[in-house]
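Undergrad: I'd like to ask some things about the structure below.
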Amino acid sequence: VSGQFSDVSGLVIEINIVDITMSAKDTINRKRPGTTKYSEIGLKRTLSPDKGFWNWAKKIRDGNLDYRTKGAIHIYDMSGGMIGNWKFENAWPSKWSASDLSVDTDDLMQEDVTLQVELLTRVM
């Protein structure tokens with residue numbers, strides 16, 4: 001599944017803190033890194049005829065157990081030069097939604113996808 005998105009959120013890693021109390025002569029509290037958590041990635045684009053993310057989420061809903069995949073997010077500047085590149089692993093869509101449609105506005109419908117990821121690496 002691929003696409004061009006206007007908004008990306010959740011390129012976040014968070015390292016949990018483990019407090020360790022050591023006592024010898026004096027009691028000392030030390031902070032150590034614990035497990036790493038990866039935020040869910042949010043993607044947003046104008047609704048298009050491409051049903052790739054919808055079909056992926058539908059497969060999971062229908063019980064398909066082969067749903068995790070690898071992927072990448074490439075960020076480009078206005079001139080088309082790449083300014084950021086992230087790779088992720090074991091991703092799967094936990095949410096798909098389309099914005100409301102209203103005849104009172106010229107706003108285009110938006111497609112929102114939320115991906116759960118188990119590893120995020122910044123390449124560039």
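The values are calculated or read from the model by the stated rules, or taken from the named source; none is laboratory data. Everything numeric in this text was worked out from a predicted model, so none of it was measured. Here the Cβ is made from the backbone with ideal geometry for all residues, glycine too, and neighbour counts use every protein chain on show. Just the protein is used for accessible areas: all its heavy atoms, side chains included, with ligands, DNA and RNA removed. Shrake-Rupley method; radii C 1.70, N 1.55, O 1.52, S 1.80 Å.
Undergrad: Given a 1.4 angstrom probe, I'd like the percentage of the accessible area of the chain that is carbon and sulfur, rounded to a whole number. Numbers along the way, then the final one.
TA: Values: 4660 of 9170 Å².
Of all accessible area on the chain, carbon and sulfur atoms account for 51 percent.
Undergrad: Describe numerically, in nm with one decimal, the distance between label points set 7 Å from Cα along Cα→Cβ at Ser94 and at Lys44.
TA: Those two pseudo-labels are separated by 1.9 nm.
Undergrad: Between Met82, Met109, Met22, find the one with the highest GNM mean-square fluctuation for the chain; connect C-alpha pairs within less than 10 Å.
TA: Met22
Undergrad: Using +1 at the Cβ of each Lys and Arg and -1 at the Cβ of each Asp and Glu in the stretch 82-124, identify which of Leu120, Ala91, Met109 lies farthest towards the dipole's positive end.
TA: Leu120
Undergrad: For labels at Thr121 and Ser102 in the simple 7 Å Cα→Cβ model, what's the distance in nm?
TA: About 4.4 nm, to one decimal.
Undergrad: If I model a spin label at Ser2 and Lys70 as a point 7 Å from the Cα along the Cα→Cβ vector, what separation in nanometres do I get?
TA: Using points 7 Å along Cα→Cβ, the separation is 1.5 nm.
Undergrad: Right, here's the next one. For a Förster distance of 25 Å, can you work out the FRET efficiency between the beta-carbons of Lys87 and Arg32, rounded to the nearest 0.05? Show your work: numbers first, answer last.
TA: Values: r = 27 Å, r/R0 = 1.08.
Approximately 0.40, to the nearest 0.05.
Undergrad: For the stretch 1-88, give the magnitude of the charge dipole about the Cα centre (Cβ charges: +1 Lys/Arg, -1 Asp/Glu; no others), in debye to the nearest 20.
TA: Value, rounded to 20: 240 debye.
Undergrad: Starting with the highest mean, order 7-20, 35-48 by the number of other Cβ atoms within 10 Å, averaged over the residues of each peptide.
TA: 35-48, 7-20
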